Amino acid sequence: MAKSILIINGPNLNMLGKRELNIYGATTLEQINNSIQERAIALDLNVICFQSNNEGELVDKLQQAGPGCDGIIINPAAYTHTSVAIRDALAALNKPTIEIHLSNIFKREDFRKHSYISDIAFGVISGLGANGYILALDALKNILES
Ligand code: DQA
């Protein structure tokens, strides 16, 4: 049976394509989600894509959709650097999780260098732009099959 992956995007990622293009690139979230869906079909994976600007809604989605999924890809955006609540929701799920960032957070301001998620993630992709989501999907496919 096809495995299911929950893909979570945090605040301001709905603004991709309009927001700080030099940092995040010109690709919109809709375009990213379309390429994820395309890749998921090729990999025989089901994906659910969810974005919210609200921390509680991200936690709610992890609680509701997380238990039925086999793995998680999350770009918590600004909540990466602040949210114990999202960390706790992921820890409770205990599913293989890939943390992803479009930009290289280690090349930027000091406050972006700490993540509340990285030490409970299976792996982290940072700085590879929109393609990072596809790489994360490929990685999860391998992790779930090994
Ligand atoms: C981001 C990096 C975060 O520091 C920032 O707050 C974002 C996006 C990224 O994808 O590069 O909103 O997660």
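The values are calculated or read from the model by the stated rules, or taken from the named source; none is laboratory data. Quick caveat, the model's predicted, so the values are computed rather than measured. Because the Cβ atoms are built from the backbone with ideal geometry, glycine has one as well, and the counts that use them run over all protein chains shown.
Annotations
- For first residues located in segment 87-109 and over 9 Å from SER126 (Cβ atoms) and within 16 Å of the ligand (Cβ to nearest atom), partners that are in a loop (DSSP other than H, G, I, E, B) and among the aromatic types (Phe, Trp, Tyr) and lie 6+ apart or on another chain with Cβ distances below 9 Å form the pairs ARG87/TYR116; THR97/PHE122; ILE98/PHE122.
- Hits in segment 20-51 (condition: among the hydroxyl-bearing types (Ser, Thr, Tyr) and either in a loop (DSSP other than H, G, I, E, B) or more than 13 Å from the ligand (Cβ to nearest atom) (or both)): THR27, THR28, SER35
- Residue within segment 68-81 that is modelled with pLDDT of 95 or more, touching a Lys or Arg at 6+ places or on another chain (Cβ under 7 Å) and of a type in the set (Val, Ile, Thr) present: yes
- Subset of segment 10-19 (residues that are of a type outside the set (A, V, I, L, M), at negative phi and part of a loop (DSSP other than H, G, I, E, B)): GLY10, PRO11, LYS18, ARG19
- Of the set (1) closer than 22 Å to ALA2 by Cα; (2) within 16 Å of the ligand (Cβ to nearest atom); (3) surrounded by 19 or more Cβ atoms within 10 Å (Cβ to Cβ), all apply to SER83 but (1).
- Among the residues of segment 94-115, the ones that are of a type outside the set (S, T, N, Q), buried (at least 19 other Cβ atoms within 10 Å of the Cβ) and not in a strand (DSSP E or B) come to 2 in all.
- Looking only at segment 38-75, and only at residues there that are under 26 Å from GLY127 (Cβ atoms) and free of Cβ contacts under 8 Å to residues at least 12 places away in the same chain, the one that is nearest to the chain's Cα centre (by Cα): GLU38
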